[in-house]
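The values are calculated or read from the model by the stated rules, or taken from the named source; none is laboratory data. Values in this document were obtained by computation on a predicted structure and should not be read as measured data. Glycine also receives a Cβ, built like all others from the backbone with ideal geometry; neighbour counts cover every protein chain displayed.
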Amino acid sequence: MRSVEDIIALMGGPEAAAARCGVGTEAVRKWRQARAIPAKHWPAVLAATGLTLAELPGAPAGASPPETHAMPDPIDSATVPPEGATAALVLGDGTVLWGRGFGAYGTRVGEVCFTTGMTGYQETLTDPSYAGQIITFTFPHIGNVGANPEDIEAGTPAARGLVVKQDVTEPSNWRATRHLDDWLKSHGVTGIAGVDTRALTARIRDGGAPNGVLCFPADGRFDIAELRAQAREWPGLIGMDLAREVSCRQSYRWDETEWAWPQGYGRLTAPKHRVVAVDYGAKRNILRGLASAGCEVMVVPATASAEEILRHAPDGVFLSNGPGDPAATGEYAVPVIREVLERGVPIFGICLGHQLLARTLGAQTYKMERGHRGANQPVKDLATGKVEITCQNHGFAVDEKSLPKNARVTHVSLFDGSNEGIACTDRPAFSVQYHPEAGPGPTDSHYLFHRFVELIEKHKEGSGRA
């Protein structure tokens, strides 16, 4: 027997369940409260979900559904948009979630994930680590502070789409320069509102991140069969190298420092160290964090060779965050990192950079069922015993059991015990899975940029370069 919650989720959430049964969402709330669905709604439930009567809570053994007119086919019924629906999110299992489209018209396919961050939606949408993904925001009020040209982590949004609960409202913030809908249109990003994001999040939590197609057609026509096929056939992120897609094409110098009131962003005028940042999908606020710590930063493409990196005579090398499968990116990144390690240059990695450093040392990585995405992720520093609240965005992780003897675990997740940091015992190199730059998120882990600088200074002293 299925629970009422399961059935509501199968129907696409409370709004969709209410629409299919011809009732209001208050009636669906009462279903949940009573843990049963009235018999008069069984035909619609069976048609929408494909369940049998025996699977419905409250149905007595041997009962038959009330007589009704011919029930619509559960597949065909999902192809007709409810009144007011202008967009659809179609999942890999065939589920159709209807809503109201906003942003740019179009069809986008990717992995459907969720993030629990309550602020910083513009930074989230422009975080290159979200390439290949359709983001579900668990916080309902997305768009209420508008958009501005400062709160971006890359020149263009990397996310393939967004799913929100409430319609985007007019901006109410002194820094806003435009409406979020207008900003999304200008960047070709598609969104859908009116979806039960709680039900969708629970579905991802329990069943893993599914493939999905977000469709907002300009002509209002939906080919549900084709959309289902696209969602079903999309290969997924395993084996996908997305770092090449979001990386810079040419090297460039970075000297902008972190935002501060009232002057905004600053400039590094007296650099103390030279750092080469390998751009696998680097966020701007990470580069600002390095610059604010006194580092002159030279950013190079993800495919840069060890020779190209070392040509800049770096005091340290930074391995950035980024999207996709580290095993795929590692095909060309690991040999480069290995050569830099052998030269003894200090290394600091974040997110994908953390995974690539681990693979360089001989460890393995794996795809997580749902990943960590949000700005409230607790991580324990094993050396100090302190707990940091961190910002995270990753769907792959390092397998601790595969780490070699010359790598020690430094941080662990207090959510699921997965690895959050490592350090080499015989090389000046360390990395963390999370994002210390706080763009968006808390600043508990900002000390890591200074730890990297301390490692550089110690290495300089040991080599006589101080």
### Task
Collect the residues in region 110-130 that are touching a Gly at 6+ places or on another chain (Cβ under 7 Å) and either free of Cβ contacts under 8 Å to residues at least 12 places away in the same chain or aliphatic (A, V, I, L, M) (or both), keeping them in residue-number order.
Val112
### Message
Can you tell me which residue is nearest to Ile309 (Cα to Cα) among those in region 275-297 that are out of contact with any helix residue (DSSP H, G or I) (no Cβ under 9 Å at 6 or more places or on another chain) and among the hydrophobic types (A, V, I, L, M, F, W, C)?
### Response
Leu287
#### Entry: Matching residues, region 396-416, being of a type outside the set (Asp, Glu) and modelled with pLDDT under 95
Phe415
### Query
Wholly within region 299-363, which helices (runs of 4 or more DSSP H) include no fewer than the required count, namely at least 1 residues that are assigned by TED's automatic domain parsing to the domain that holds Gly289, among the acidic types (Asp, Glu) and over 18 Å from His273 (Cα atoms)?
306-310, 326-342
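Rundown of residues vs (1) touching a helix residue (DSSP H, G or I) at 6+ places or on another chain (Cβ under 8 Å); (2) of a type outside the set (D, E, K, R), yes/no style:
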| position | (1), (2) |
| --- | --- |
| Gly395 | no, yes |
| Val398 | yes, yes |
| Asp426 | no, no |
| His435 | yes, yes |
| Pro442 | no, yes |
| Ser445 | no, yes |
| Glu454 | no, no |
| Lys458 | no, no |
| Gly462 | no, yes |
### Query
Can Ser418 be described as under 24 Å from Thr124 (Cα atoms) and among the hydroxyl-bearing types (Ser, Thr, Tyr)?
yes
#### Entry: Residue count, region 79-112 (criterion: among the aromatic types (Phe, Trp, Tyr), within 10 Å of Gly191 (Cα to Cα) and outside any loop (DSSP other than H, G, I, E, B))
1
### Query
Just wondering, is there one or more residues in region 186-197 that are over 30 Å from Asp6 (Cα atoms), touching a residue at least 60 places away in the same chain (Cβ under 8 Å), assigned by TED's automatic domain parsing to the domain that holds Thr365 and touching a helix residue (DSSP H, G or I) at 6+ places or on another chain (Cβ under 9 Å)?
no
### Task
Run down Ala423, Ala438 and say which single residue is surrounded by 14 or more Cβ atoms within 10 Å (Cβ to Cβ), part of a strand (DSSP E or B), of a type in the set (A, V, I, L, M) and touching a strand residue (DSSP E or B) at 6+ places or on another chain (Cβ under 7 Å).
Ala423
### Message
Against the condition at pLDDT 95 or above and in a helix (DSSP H, G or I), how does Leu184 come out, does it pass?
### Response
yes
### Task
Would you confirm whether any residue within region 117-134 is farther than 20 Å from Asn376 by Cα, over 14 Å from the mean Cα position of the chain (by Cα) and either in the same structural domain as Gly353 (by TED's automatic domain parsing) or not basic (Lys, Arg) (or both)?
no
#### Entry: Selection count, region 209-234, where residues are crowded, with 19+ Cβ neighbours inside 10 Å and either free of Cβ contacts under 8 Å to residues at least 24 places away in the same chain or in a strand (DSSP E or B) (or both)
6
#### Entry: Tally of residues being outside any helix (DSSP H, G or I), within 15 Å of Met11 (Cα to Cα) and β-branched (Val, Ile, Thr) across region 191-207
1
## Note on the structure
Selection from region 452-463 of residues of a type outside the set (A, V, I, L, M) and buried (at least 17 other Cβ atoms within 10 Å of the Cβ) yields Phe452, Glu457, His459
### Query
Looking at (1) farther than 26 Å from Pro157 by Cα; (2) surrounded by fewer than 24 Cβ atoms within 10 Å (Cβ to Cβ), which is the one condition that is false for Ile337?
(2)
### Query
When you go through (1) within 16 Å of Pro323 (Cβ to Cβ); (2) out of contact with any strand residue (DSSP E or B) (no Cβ under 9 Å at 6 or more places or on another chain); (3) surrounded by 15 or more Cβ atoms within 10 Å (Cβ to Cβ) one by one for Ala202, which number turns out not to apply?
(1)
### Query
For Ala260, all conditions in the list (1) aliphatic (A, V, I, L, M); (2) under 21 Å from Gly120 (Cα atoms); (3) surrounded by 20 or more Cβ atoms within 10 Å (Cβ to Cβ) hold save one; what is the number of the exception?
(3)
